[in-house]
Every structure is written in C-alpha cells, then in structure tokens.
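Have a look at the structure below, then the notes.
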Amino acid sequence: MAQHDYVINNQSAPAARTDMNNVLQAILTQNSGAAAPSTTVANMIWYDTSTDLLKIRNEANSGWITLGTVD
C-alpha cells in the first residue's frame with residue numbers, strides 16, 4: 001500500500017531516489033490505502049483498502065466513481 005503526492009522536490013540524490021521509489025510504489029499499488037490520496041487528479045485510480053473498492057477520480061476531479069469490488 002502506498003500513496004504519494006507525485007511531486008519530486010529538489011533534494012539530495014539519496015532523498016530523490018527514495019522519493020522516486022515511493023512514487024513508483026504508489027503507481028504499482030494503485031494508490032492503495034484506507035483513505036483517499038491527499039493529492040488527486042482527474043482519472044486517477046485508487047484502491048480503497050477499507051472497503052475493497054477500486055475507484056477512479058471523475059473528469060472534474062471532484063469525486064470518486066466506484067469501478068468495482070476487489071476480493
């Protein structure tokens with residue numbers, strides 16, 4: 001389970017590498033977590049681990065659309 005704000009700030013090389021690995025982990029896990037990601041964009045996918053629902057952000061970036069249940 002991982003989430004990220006998808007911003008890589010100017011920082012030392014080791015910290016930047018860690019930040020980039022965290023971004024990739026968020027992508028690989030579909031931004032999974034018990035709460036919605038704090039940073040959202042239209043069409044972003046999120047796996048809600050508290051309800052086992054796969055969701056996608058709507059085009060207006062104002063809400064989540066449930067795609068289905070993951071079991």
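Here, each number is a calculation from the coordinates, and none is a lab measurement. This structure is a prediction, so every number in the text was calculated from the model and none was measured. Here Cβ is always computed from backbone atoms with ideal geometry, including for glycine, and neighbour counts include all displayed protein chains.
A few notes on this one:
- Helix 13-28 and the longest principal axis of the C-alpha atoms of the chain enclose an angle of approximately 20°.
- For the chain, adding -39500 (n - 2.57) for each run of n ≥ 4 DSSP H residues and dividing by the number of residues yields -7500 deg cm²/dmol at 222 nm.
- Charged side chains reduced to their Cβ positions (Lys and Arg at +1, Asp and Glu at -1) give the chain a dipole of some 140 debye around its Cα centre.
- Each distinct pair of alpha carbons in the chain adds a 1/r term; the inverse of their mean, the Kirkwood radius, is 12.7 Å.
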